[in-house]
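Notes to accompany the following structure.
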Amino acid sequence: IGLVGDYNEGRYWVNATKQILKKSRTSVASNRARLVLSMFVELFYVSLRETDFNLLSINKSAVAMGDVESAIISMIFSLRFSLYAGEKLSSLLKSFYDLLQTMTRFKELAKTTLVDLVLIEDLIGTESNAFDVFGCTIPSENFILTDASTKQDMISIELIQLRRFFSSFWRGDYQKANDFYDVASSLPSFKNPKVWTVVSQCYRGIIAFHLYTEGKGQEWLDEGREMLQKFELLGEVSTDVHENKRLLLQAEFHACSGEVGKAKELFEASIKSAGDLEFIHEQGLAFELYGKFLVSTAENNEALDCFKSAHMCYVKWGALAIAEHVRMKYRLSTYEGVSQSATSNKHCRSW
């Protein structure tokens, strides 16, 4: 599906597979098949939160039959999908840490889980003792990268490079983000669709449009268009899975083209769509990018309002390091309505 890009044909086979699995007896094999379907295929058709729910259902089934490995994998991916859906970071941090306590016999899986945890900590601006769970056997992310390179473990290398891409992107360091993306996207594993690669392509498209407006060359506009076309195609398959990302890329494209009115309309639509989908992180991103655009049109008061809204979204998400970066970058003063104790309706996982 992902490699060929025939998403409508893919939907047929997804539905056929789901019907077969629904009729099959619950077993380790059927749980593994459902895992693959949820983790790597349905991301084109099913919302991140519905996938999260499906993975938790698989986790419950795996725990009941004593299939510990499937239980751990389903929980890892449930938390990972929640991360990209904008769930409260402090809750995710605790859930990831609690999960790691159960993974001392599954160190290879633990390595990728630790990469997710490093991203969360970087966004929050904290550092736990998660690596200490495994003593001196997994001392750092750099150790995981070196070990993965030695073993030619492309998935782990990809995860680490994209973790570093996301960290740089959220801080607005587009040059550094590009360097990490280039390494990740050069790996053979990158071609296989995964939630983190799909999200990274949207963010790369945003970077590309920004570099074009900074005069870095026509090739960046071309790459931005390529990413936009990908999300327009995905939008034809499912209107509610990646809709806010499509609208945001369209806004950036029209901003590049100097179509002020159309760009404003699309930025506002992306903000609303992200809100409807409860993607608080990407609602913050849309507010921040809209603010940057309004600065370019000399609408400074309106831009300031957008930056304040972005800051509020990041605080609600729990990305306090990113919120502080935005506050300092755009010289925001303290204002009512923002509290670092902002909460959401999400809760820590236990299993």
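Couplings for segment 17-31, taken from phi via the Karplus curve 6.51 cos²θ - 1.76 cosθ + 1.60 with θ = phi - 60°, read 5, 4, 5, 5, 5, 5, 8, 7, 6, 5, 7, 4, 5, 5, 5 Hz in order; Gly and Pro are left as x. Straight-distance candidates among the lysines for linking to Lys60, with alpha-carbon spacing under 20 Å and chain neighbours fewer than 8 residues away dropped: Lys18, Lys22, Lys23, Lys94, Lys346. Legend: residue pairs Lys111/Lys151; Lys194/Lys272; Lys194/Lys316, Cα-Cα distance threshold 18 Å; pairs beyond threshold, Lys194/Lys272; Lys194/Lys316. Over segment 67-114, the ratio between the Cα radius of gyration and 2.2 N^0.38 Å evaluates to 1.08.
Loop-resident chymotrypsin sites (Phe, Trp or Tyr not before Pro) (DSSP state other than H, G, I, E or B) in segment 279-338 with no more than 11 further Cβ atoms inside 10 Å of their Cβ: Tyr335. With the gyration tensor restricted to C-alpha atoms of the chain, the semi-axes of the equivalent ellipsoid amount to 33, 24, 20 Å, longest first.
Per residue, what volume in Å³ does the convex hull of the Cα atoms of segment 231-286 enclose?
Measuring per residue, one finds 64 Å³ for the Cα hull of segment 231-286.
Surface composition of the chain: carbon plus sulfur atoms contribute 52% of the solvent-accessible area (1.4 Å probe, protein chains only, all chains present). Entry note, the chain: the mean residue ellipticity at 222 nm calculated from DSSP H runs of n ≥ 4, each adding -39500 (n - 2.57), is -23000 deg cm²/dmol after division by the residues and rounding to the nearest 500.
Selection among Trp13, Ala110, Phe134 by position relative to the dipole of segment 1-134 gives Trp13 as farthest towards the positive end (Cβ unit charges, Cα centre).
Within segment 44-64, which residues have the backbone N less than 17 Å from the label spot 7 Å out from Val28 along Cα→beta-carbon, could you tell me? Within reach of a label on Val28, which here means backbone N under 17 Å from a point 7 Å along Cα→Cβ, segment 44-64 contributes 59-64. Electrostatic bookkeeping for Tyr174 treats Lys and Arg as +1 and Asp and Glu as -1; over the other residues with beta carbon under 11 Å from its beta carbon, the sum is +1.
Estimated at 0.36 nm per residue, the fully extended path between Leu56 and Glu265 surpasses their Cα-Cα distance by 71.5 nm.
Quick one: work out Rg over Rh on the C-alpha atoms of segment 83-153, Rh as Kirkwood radius. Don't skip to the end; give the middle numbers.
Details: Rg = 12.1 Å, Rh = 12.6 Å.
Over the Cα atoms of segment 83-153, Rg/Rh equals 0.96.
Kirkwood hydrodynamic radius of segment 94-219, from the reciprocal of the average inverse Cα-Cα distance over all distinct pairs: 15.5 Å. Among Ser309, Ser78, Ser257, the sequence by solvent-accessible area, most first, with a 1.4 Å probe is Ser257, Ser309, Ser78. When you filter the trypsin sites (Lys or Arg not before Pro) in segment 170-231 for DSSP loop state and at most 14 other Cβ atoms inside 10 Å of their Cβ, you are left with Lys216.
The values are calculated or read from the model by the stated rules, or taken from the named source; none is laboratory data. Note that the structure is predicted; figures quoted are calculated from it, not measured. Reconstructed Cβ throughout: ideal geometry from the backbone, glycine too, with neighbour counts over all protein chains shown. Side chains are part of the model used for accessible areas, which takes the heavy atoms of the whole protein and leaves out ligands, DNA and RNA. Shrake-Rupley method; radii C 1.70, N 1.55, O 1.52, S 1.80 Å.
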